[in-house]
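**Student:** Have a look at this one.
The values are calculated or read from the model by the stated rules, or taken from the named source; none is laboratory data. What you are looking at is a predicted structure, and each value in this text was computed from that prediction instead of being measured. Every residue, glycine among them, receives a Cβ derived from its backbone with ideal geometry; neighbour counts consider all protein chains shown.
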Amino acid sequence: MRTVAVAGASLAGLRSVEELRKQGFDGRIVVIGEEPHAPYDRPPLSKAFLRGTMPAEELALSDDDFGAEWRLGVRADQIDPSTGSLYLSTGEILRADGVVIATGGRPRTLPGTSDLAGVHTLRTLDDAVALQADLLPGARVVVVGAGWIGAEVASTCRALGHEVTVVEAAPVPMERALGPVLGSLCADLHADHGVDLRLGVGVASFAHNGSRVTGVVLRDGTHLPTDVVVAGIGMEPATGWLAGSGLAVDNGVLCDTGCVTSIASVVAVGDVARYRTAAGSHVRHEHWTNASEQPVVAVRNLLAGATVETFRPSGYVWSDQYGVRLQLAGETGGADEVAVIDGSPDDRRFVAEFRRAGRPVGLLAMNNAKLFGRLRRQLTAPVS
Amino acid sequence: MITACAVADLPIGESVRIDGDPAIAVFNADGEFYAIDDTCSHQDASLSEGWLEGCFVECPLHAASFDLRTGVPTCLPAKRAVRTYPVVVQDGVIYVDTGSREAVA
């Protein structure tokens, strides 16, 4: 293998490059990154960066270029795996013996808002800069979606002194991941900090003055006047460019248990990779840790030319919101029992264990990093 | 020189955080005591709450690992070293020599 192309220059792409070198690949590496920026850390975009306490320079993920060619501001438009050809937005054709797909995804947008100023999603640095520019003093903010991103944006906007309303279609935030009790705790965090939380009601339409959003109309008829809308309603994997490539795509790039696609010289990592679990189902994770962990296994299998190692997710996720630190590990969704095993949710410091058939399968900690760190290492391998 | 704690209060595998500016984390790694800056050089997290394995502590937030002897990170996402401080044990008490820090500041 002489040339490896890495499509995507965020965390998963960067970690793939790092792993290629660490695992002894000394050939040519070409990284194709659609964004003009060198790899940067996305989690602070909804927190310290948005708040203005962390400058853009500090977001840089690495000072090392690992001897790779970084083609930033260039998009991979098409791939022909049979010849190892990537067709780039510059018109060039890049030939590679191995390909790492790390193209991530795009945030879902609210229907009917594509032409409206003041309506934002948050995934990239440019998204965060645009949102920041709209957060003028006194601006009212409506956040649609009370998931991780929505909660963090709402928290940051409150800290900046904005009036914030969070609209969530489900009756309890984060219920699928955390269950009803701990999901309600997330609702309490919003309320404790003066956020107007509207649960169990969807968005019907948007009011505007011709160019800018001026309000959000809910399905129950409520009209929420606002200056800024932020949608935190999930993402779609960026697989459009793989159409006609012969690679199997279904809500992500389908991979085997070792992140190898239907073609052995092509692997996929990060938000875009939908890999097969030991139990036979396909899953995709949209988390920082996953993007950091998968390349270790994917690169090993790419260099070996076969699946010699299986990926095992840690399921580790964190969120900083309203001054508390939340940490999750393992599988919290689908538990049949949740028990607080240390501290108390009322004190905003606890660890809860998620169990299935009496066996611990997941953890959630709030402001309890030390115990969480110990317990997550004792979690038995998740069965999905 | 600042006082950390009694040797008896810091068993093997444990750590203690000394408040201050900056806060310092003191570890007992298999009987050896080490002191480093408590705040991870990557993002706001307390290394005294991290996972200790041999001479390395893993940040509790993003799993960056630091060598307690040098303060140098062994992997991303941390890029910068944390400062290390000499540790002195006298009459059963652990002290951290912050003199080098003062010289820098």
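**Student:** Go through the stretch B:57-67 and give me each residue that's more than 13 Å from chain A (Cβ to nearest Cβ) and touching a Gly at 6+ places or on another chain (Cβ under 9 Å).
**Tutor:** Let us first name the residues in the stretch B:57-67 that are more than 13 Å from chain A (Cβ to nearest Cβ), namely B:66-67.
Passing the criteria: only B:PHE66.
**Student:** Here's something else I'd like to know. For the subset of the stretch A:51-79 comprising residues that are in contact with a Phe, Trp or Tyr (Cβ under 9 Å, 6 or more places away or on another chain) and assigned to a loop (DSSP other than H, G, I, E, B), which member is farthest from the other protein chains (Cβ to nearest Cβ)?
**Tutor:** Applying the first criterion (in contact with a Phe, Trp or Tyr (Cβ under 9 Å, 6 or more places away or on another chain)) to the stretch A:51-79 yields A:55-56, A:58-61, A:75-79.
Applying the additional criterion that residues be assigned to a loop (DSSP other than H, G, I, E, B) yields A:55, A:61, A:75.
Details: A:PRO55: 13, A:LEU61: 6, A:ARG75: 25 Å.
For the stretch A:51-79, the residue satisfying everything is A:ARG75.
**Student:** Going through the stretch A:1-27 one residue at a time, which ones are assigned to a helix (DSSP H, G or I) and either surrounded by fewer than 24 Cβ atoms within 10 Å (Cβ to Cβ) or touching a Ser or Thr at 6+ places or on another chain (Cβ under 7 Å) (or both)? So that I can check it myself, show each step before the final result.
**Tutor:** First pass over the stretch A:1-27, keeping only residues assigned to a helix (DSSP H, G or I): A:11-22.
A:LEU11, A:LEU14, A:ARG15, A:GLU18, A:GLU19, A:ARG21, A:LYS22 - these are the residues of the stretch A:1-27 that are assigned to a helix (DSSP H, G or I) and either surrounded by fewer than 24 Cβ atoms within 10 Å (Cβ to Cβ) or touching a Ser or Thr at 6+ places or on another chain (Cβ under 7 Å) (or both).
**Student:** Please find, among A:SER314, A:SER262, the residue that is farther than 30 Å from A:ALA117 by Cβ, within 14 Å of chain B (Cβ to nearest Cβ), of a type in the set (Ser, Thr, Tyr) and out of contact with any His (no Cβ under 8 Å at 6 or more places or on another chain).
**Tutor:** Values: A:SER262 fails: within 14 Å of chain B (Cβ to nearest Cβ).
Just one listed residue meets the conditions, A:SER314.
**Student:** Another one. Given the structure, is A:SER205 part of a strand (DSSP E or B), of a type in the set (S, T, N, Q) and touching a residue at least 12 places away in the same chain (Cβ under 8 Å)?
**Tutor:** Working: part of a strand (DSSP E or B): yes; of a type in the set (S, T, N, Q): yes; touching a residue at least 12 places away in the same chain (Cβ under 8 Å): yes.
In short, yes.
**Student:** I've got another one for you. Take the stretch B:14-30 and flag every residue that is at positive phi and part of a strand (DSSP E or B).
**Tutor:** Step one: of the stretch B:14-30, the residues at positive phi are B:20, B:30.
Result: no residue meets the conditions.
**Student:** Hey, A:SER82 hits all of (1) surrounded by fewer than 18 Cβ atoms within 10 Å (Cβ to Cβ); (2) more than 14 Å from chain B (Cβ to nearest Cβ); (3) part of a helix (DSSP H, G or I) but one; which does it fall short on?
**Tutor:** Answer for A:SER82: the failing condition is (3).
**Student:** Suppose the filter is over 19 Å from A:ILE79 (Cβ atoms), within 13 Å of another protein chain (Cβ to nearest Cβ) and under 17 Å from the mean Cα position of the chain (by Cα); does A:ARG21 pass it? Lay out the reasoning, then the answer.
**Tutor:** Numbers: over 19 Å from A:ILE79 (Cβ atoms): yes; within 13 Å of another protein chain (Cβ to nearest Cβ): yes; under 17 Å from the mean Cα position of the chain (by Cα): no.
The answer is no for A:ARG21.
**Student:** Inside the stretch A:32-50, can you point out the residues that are small (Gly, Ala, Ser) and not in a helix (DSSP H, G or I)?
**Tutor:** Going residue by residue through the stretch A:32-50, those that are small (Gly, Ala, Ser) are A:33, A:38, A:46, A:48.
Within the stretch A:32-50, A:GLY33, A:ALA38 qualify.
**Student:** Tell me which residues, restricted to the stretch A:132-145, are closer than 14 Å to A:VAL229 by Cβ and either basic (Lys, Arg) or in contact with a Gly (Cβ under 8 Å, 6 or more places away or on another chain) (or both). Reasoning before the result, please.
**Tutor:** Within the stretch A:132-145, the first condition is being closer than 14 Å to A:VAL229 by Cβ, and the residues that meet it are A:134-135, A:139-145.
Within the stretch A:132-145, A:ASP134, A:ARG140, A:VAL143, A:VAL144, A:GLY145 meet the criteria.
**Student:** Can you tell me which of A:LEU303, A:LEU254 is away from chain B (no Cβ under 14 Å) and touching a His at 6+ places or on another chain (Cβ under 7 Å)?
**Tutor:** Numbers: A:LEU303 fails: touching a His at 6+ places or on another chain (Cβ under 7 Å).
Matching residue, one of A:LEU303, A:LEU254: A:LEU254.
**Student:** Tell me which strands (runs of 3 or more DSSP E) are completely within the stretch A:242-330 and hold 3 or more residues being at pLDDT below 95, or say none if there are none. Reasoning before the result, please.
**Tutor:** On the way: elements: A:266-268, A:273-276, A:317-321, A:324-330.
Qualifying strands (runs of 3 or more DSSP E): A:317-321, A:324-330.
**Student:** Take the residues in the stretch B:77-88 that are surrounded by 15 or more Cβ atoms within 10 Å (Cβ to Cβ) and over 15 Å from B:ASP44 (Cα atoms); name whichever of them is nearest to the other protein chains (Cβ to nearest Cβ).
**Tutor:** For the stretch B:77-88, the residue satisfying everything is B:ARG83.
**Student:** Still on this model: Among the residues of the stretch A:47-64, which ones are exposed (fewer than 14 other Cβ atoms within 10 Å of the Cβ), of a type outside the set (A, V, I, L, M) and under 18 Å from B:LYS79 (Cα atoms)?
**Tutor:** A:PRO55, A:GLU57, A:ASP63, A:ASP64
**Student:** Continuing with this model, one more query. May I ask you to list the residues in the stretch A:159-202 that are assigned to a loop (DSSP other than H, G, I, E, B) and either hydrophobic (A, V, I, L, M, F, W, C) or crowded, with 18+ Cβ neighbours inside 10 Å (or both)?
**Tutor:** A:LEU160, A:HIS162, A:ALA169, A:ALA170, A:VAL172, A:PRO173, A:MET174, A:VAL195, A:VAL201
**Student:** Right, another one. Of everything in the stretch A:308-337, what is of a type in the set (A, V, I, L, M), crowded, with 18+ Cβ neighbours inside 10 Å and either free of Cβ contacts under 8 Å to residues at least 12 places away in the same chain or over 25 Å from A:VAL153 (Cα atoms) (or both)? Give them in sequence order.
**Tutor:** A:ALA335
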